[in-house]
1. Are any residues in the range B:108-165 of a type in the set (Ser, Thr, Tyr) and within 30 Å of residue B:265 (Cα to Cα), and if so, which ones?
2. Among the residues of the range B:55-69, write down those that are surrounded by fewer than 22 Cβ atoms within 10 Å (Cβ to Cβ), touching a residue at least 40 places away in the same chain (Cβ under 8 Å) and assigned to a loop (DSSP other than H, G, I, E, B).
3. Please verify whether residue A:171 is farther than 21 Å from residue A:325 by Cβ, surrounded by fewer than 24 Cβ atoms within 10 Å (Cβ to Cβ) and not β-branched (Val, Ile, Thr), treating the condition exactly as stated.
4. Search the range A:181-204 for residues being in contact (Cβ under 8 Å) with a residue 40 or more places away in the chain and assigned to a helix (DSSP H, G or I), and hand back the single one that is nearest to residue A:329 (Cα to Cα).
5. Please give the number of the condition residue A:422 fails out of (1) among the hydrophobic types (A, V, I, L, M, F, W, C); (2) within 22 Å of residue A:85 (Cβ to Cβ); (3) more than 17 Å from the chain's Cα centre (by Cα).
6. If you check residue A:166 against the conditions, is it in contact with a Cys (Cβ under 8 Å, 6 or more places away or on another chain) and under 19 Å from residue A:288 (Cβ atoms)?
7. Got at least one residue in the range B:211-223 being among the polar types (S, T, N, Q) and farther than 22 Å from residue B:276 by Cβ?
8. Modelled with pLDDT of 95 or more, away from chain A (no Cβ under 14 Å), more than 26 Å from residue B:116 (Cα to Cα) and in contact with a strand residue (DSSP E or B) (Cβ under 6 Å, 6 or more places away or on another chain), is that true of residue B:220?
Amino acid sequence: MTMILSDRRPILLANARIVDPSRDLDFPGDLLIANGVIREAKKGIGAAGVPEGTDVIDCRGKVVAPGLVDMRAFIGEPGAASRETFATASQAAAAGGVTTIICQPDTSPAIDDPATVDYVLRRARDTAIVHVHPMAAITKGLEGREMTEIGLLKAAGAVAFTDGDKSVVNAQVMRRALTYGGDFDALIVHHTEDPDLIGDGVMNEGEFAARLGLLGIPKAAETVMLERDIRLVGLTGGRYHAASVTCTESLEVLRRAKDAGLAITAAASINHITLNENDVGPYRTFLKVTPPLRDEDDRRQLVASLADGLIDVVMSDHNPQDVETKRLPFSEAAPGAIGLETMLSAGLRLVHSGELDLTKLLHAMSTRPAELLGLPGGLLRPGSPADVIVLDVDMPWVLDPNELKSKCKNTPFDEARLTGRVVRTIVAGRTVYEYV
Amino acid sequence: MNIAPKSSFVLSRRQLLGMEGLSREDITGLLDLAEEFVELNRQVEKKRASLRGRTQINLFFEASTRTQASFELAGKRLGADVMNMSVHSSSMRKGETLIDTAITLNAMHPDIIVVRHHASGAVELLARKVDCAVINAGDGSHEHPTQALLDAATIRRNKGRIEGLTIAICGDILHSRVARSDIMLFNTMGARVRVVAPSTLLPPGVERFGVEVARDMREGLNGADIVMMLRLQRERMNGSYVPSVSEYFHYYGLDERKLSYAKPDALVMHPGPMNRGVEIDSIVADSAQSLIREQVEMGVAVRMAVLEAMSRNLPNA
């Protein structure tokens, strides 16, 4: 009992730069946490103004911000615990400042019935050190044919619906999911890539793929599916979120849809906003992701769209793959990169290069995804849950894959020089990670 | 026997993974050395001792008759102990990865591994895990450097040069490792390179390879000194990339009429194996303008040149 109490002692994060993207606030001040809740965030609370027994942590020169809500992460439970468990994923998340993981339903079995949602929630509650909420499948078995029990799944705790990195090819099925899901205010999250246009492609179509002798995936594979979906959203009035947009053409489609007032939002992965196809270099399979990395022009457009709010969310697209699936020729290797632990540090590259301001980045990684999913995090308002990170924006470090907490080490930022990292992560008022 | 070649050219690299990065001097050095082996190969006594004591493994993950035979003969004529491994019949089937195979073979201390694999980049992946010399004998749709060298050797013997020639490469450019290596070599040597194919068989971005692009044989072959035909694989026909064999042959198959668009003394080449009646007409393939048989002869000489020039750079050479 004393242990738990001491764990939950009030915390004062003092002398920090407080960034609350939910209110566009960025000011020097202190943040007081007690009983798992943010009490206040203001200038000059000071050590004198806190309850007895408060841990006072000096955060001079550091940023205090809401914990990140990662909207797209694959965890191996159930069915692929050798790739990742809730325990390991949550440790990686904590080290990366992610206080809420939204796990994907493309597990084995798929998260497509209420019992599996329940299993995931219990398993995560017992083993994870950050919050975990699952998305459930749009279609049974992710087969793209029959709609899942959207109402019951949502009641069981599914925060949104997606078929993972598969597209629902049948437009009628998608239409019905959007229509029926609309009755439950369900958010349909869709990976937009036409599998026939992907064909045997393994990287972005263009000169670079041609030189490597690899078959390309045209940007149209993504845009065609996104265009279709937007027509269906117009038809049904459903709530729709494009899971991972990657190219300029998709941004144009999105802009038109948003301008027309449709209930559409979109995410980009940390990989697509910080890397491009040239990073594949000599067939580096850790850079094989889905959709594929595009060209530098697309990357710049994605960042610009993030800055102007066209892109709502940045997610990690965390996808652990081990040696057996990655140490293969490029065309045979599984797509996917881990990202929970590196998403914020990688995103800070854009802040340091002047492409994006810190508040915008944090908004897209915390406030906005929490809003879309109806979760209480992503802000520093008094009374909200104390999911908070302390960030040293200027700390230089080199990523050593052996130090990563994920079970798999397939990071595209292998040996990368990064600037800025999370030094403390607090979940529900308890410090779950501290960088020493 | 054992008359040493006059050329003392050394290919100072441990691996030949592609034409990319090979200089004009490297290419000329290899072609000169190959010339000498052509003569040696026409004698009764063909054997030399420059690779004596060396172990050469031909590791083929994809079936091949002529390339494997050619590397085997080349190694044996230079005195190496040559072992052929066809991995599609071996442990890869049991789930052993390419890298496990590389590590296993490496432990047997070969001096040279010659690798063919159906996936682009696979040879490079393997080369990173072994200590010996590695020669790419074709990786997916990426590169096939010894084929490009033997094409160059054949052209040089017949035209006396490569520089300034107009070379039209026709057919399935998209999936062709030969096309990629040929384009790089011919460009390095100062030829004018054209690719001719229906748009479905052209890699997007090919115009940035430093080639002229034609979708029509009349335009593409106009003024050509060399017409290089590529094999169209069965699975690309019948609707996926081209509608049918007969339509493909009608528009892109090399027959006497289409060959007449090229220069009167144009020469015809094909890396083999040919699909007669698909990309090339038998009359053209067997005509006096065809260099296809000579390409096979050059294949052995060029591979001897590559092995010799690389072995001069091996430890304890």
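1. Pass one, the range B:108-165, residues of a type in the set (Ser, Thr, Tyr): B:120, B:141, B:146, B:154.
Of everything in the range B:108-165, those that are of a type in the set (Ser, Thr, Tyr) and within 30 Å of residue B:265 (Cα to Cα) turn out to be B:146, B:154.
2. Matches in the range B:55-69: B:62, B:64, B:65.
3. Here the answer is yes, as residue A:171 does meet what is asked.
4. Residue satisfying both the conditions and the ranking: A:181.
5. Of the numbered conditions (1) among the hydrophobic types (A, V, I, L, M, F, W, C); (2) within 22 Å of residue A:85 (Cβ to Cβ); (3) more than 17 Å from the chain's Cα centre (by Cα), the odd one out for residue A:422 is (3).
6. No.
7. Checking the range B:211-223: at least one residue is among the polar types (S, T, N, Q) and farther than 22 Å from residue B:276 by Cβ.
8. Spelling it out, residue B:220 is indeed modelled with pLDDT of 95 or more, away from chain A (no Cβ under 14 Å), more than 26 Å from residue B:116 (Cα to Cα) and in contact with a strand residue (DSSP E or B) (Cβ under 6 Å, 6 or more places away or on another chain).
The values are calculated or read from the model by the stated rules, or taken from the named source; none is laboratory data. Everything numeric here is computed off the predicted structure, so don't read it as measured data. No Cβ is skipped: glycine too gets one built from the backbone with ideal geometry, and neighbour counts run over all protein chains shown.
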